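The values are calculated or read from the model by the stated rules, or taken from the named source; none is laboratory data. Please read these numbers as outputs of a predicted model, since none were measured by experiment. With ideal geometry, Cβ positions are generated from the backbone for all residues, glycine too; neighbour counts draw on all protein chains shown.
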Amino acid sequence: MPRAIRALSIDLDDTLWPIWPTIERAERQLHAWLVEHAPATAQRHDVAALRALRDRVEVDRPDLAHDFSAMRLESLRQALLAADDDPALAVPAFEYFFAERQKVELFDDVLPALERLARRYPLLALTNGNADLKRVGLAQYFSGCVGAREFGVGKPDARIFGEACRRLGEPAHAVLHVGDDPHLDVFGALNAGHPAVWVRRAGASHTHEPQATHVVAELLTLADLLEA
């Protein structure tokens, strides 16, 4: 582990909690909301159809690639229009989904690891997703969050890593980036001049294995390495 580490940037989805169980539950809750408030839309689009529409928006609207919230909102607007429901309902529907999306279940190691890491280093969240640290309940461990939605580009673009350095007031070589995605997190960080730790949790499968500074199965191992 490089000795010059003075701060950490940490990915959120699939690094601190598994994201797909959260999204799947939020999508089911969203559909139940539509059954009550926009029944024609709910009848025309089941959960799978709503997800397929959201995925189609991602393909059709590359200008929204950095903004998962905008993609979800636009897909809801299109679903409502297709069913002749009021497209203005897209906003409260998304707000309901967004609140459900924040109800994450942390990996068991996350809280004890963050407590140890935050005592030694300033921590900054660096995410392409739309989690809200305050709603998730982790804001006390982080000095802030750089999100692709607000910044305008996401990982692996070097510019978002540069913004993390600017917020932390440290050069790239002194900011250790921690994340689960080989391309977005590890390649992105190394390409931007950061040391990178790949959090490869049990059960995760990747076709490409990057040459990270370290590979760990959980954040407590990272805390041990940094304390050593």
Inset, instruction - State all residues of segment 155-165 that are part of a helix (DSSP H, G or I), basic (Lys, Arg) and touching a residue at least 12 places away in the same chain (Cβ under 8 Å); if no residue qualifies, say none. - result: none
Inset, instruction - Might you let me know whether segment 17-25 holds any residue that is among the β-branched types (Val, Ile, Thr) and over 29 Å from Leu111 (Cβ atoms)? - result: no
Inset, instruction - Enumerate the helices (runs of 4 or more DSSP H) found wholly within segment 82-153, keeping only those where 1 or more residues are outside the structural domain of Val199 (by TED's automatic domain parsing). - result: 90-101
Inset, instruction - Check whether at least one residue in segment 10-17 is part of a helix (DSSP H, G or I) and not basic (Lys, Arg), and report yes or no. - result: no
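Conditions (1) under 28 Å from Glu100 (Cβ atoms); (2) crowded, with 16+ Cβ neighbours inside 10 Å; (3) of a type outside the set (S, T, N, Q), marked per residue:
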residue	(1), (2), (3)
Ala113	yes, yes, yes
Gly144	yes, no, yes
Gly154	yes, yes, yes
Asp157	no, yes, yes
Leu176	no, yes, yes
Legend entry - Filtered residue count, segment 113-154, keeping only those that are of a type outside the set (A, V, I, L, M, F, W, C) and without any contact (Cβ under 8 Å) to a residue 40 or more places away in the chain: 12
Inset, instruction - Tell me which of these Gly169 doesn't satisfy, since it passes every other one: (1) surrounded by 17 or more Cβ atoms within 10 Å (Cβ to Cβ); (2) over 24 Å from Asp63 (Cα atoms). - result: (1)
Legend entry - Scope segment 7-31; condition surrounded by fewer than 17 Cβ atoms within 10 Å (Cβ to Cβ) and either touching a Lys or Arg at 6+ places or on another chain (Cβ under 8 Å) or β-branched (Val, Ile, Thr) (or both); matching residues: Arg25
Inset, instruction - Consider only pairs whose beta carbons are under 7 Å apart and that are at least six residues apart or on different chains; among these, list those whose first residue lies in segment 32-60 and is assigned by TED's automatic domain parsing to the domain that holds Leu89 and whose second residue is of a type in the set (Val, Ile, Thr). - result: Leu34/Thr41; Ala42/Val35
Legend entry - Single match in Val197, Val215 (criterion: in a strand (DSSP E or B) and surrounded by fewer than 22 Cβ atoms within 10 Å (Cβ to Cβ)): Val215
Inset, instruction - Kindly establish whether Ala99 is surrounded by fewer than 18 Cβ atoms within 10 Å (Cβ to Cβ), of a type outside the set (Phe, Trp, Tyr) and within 25 Å of Ala139 (Cα to Cα). - result: yes
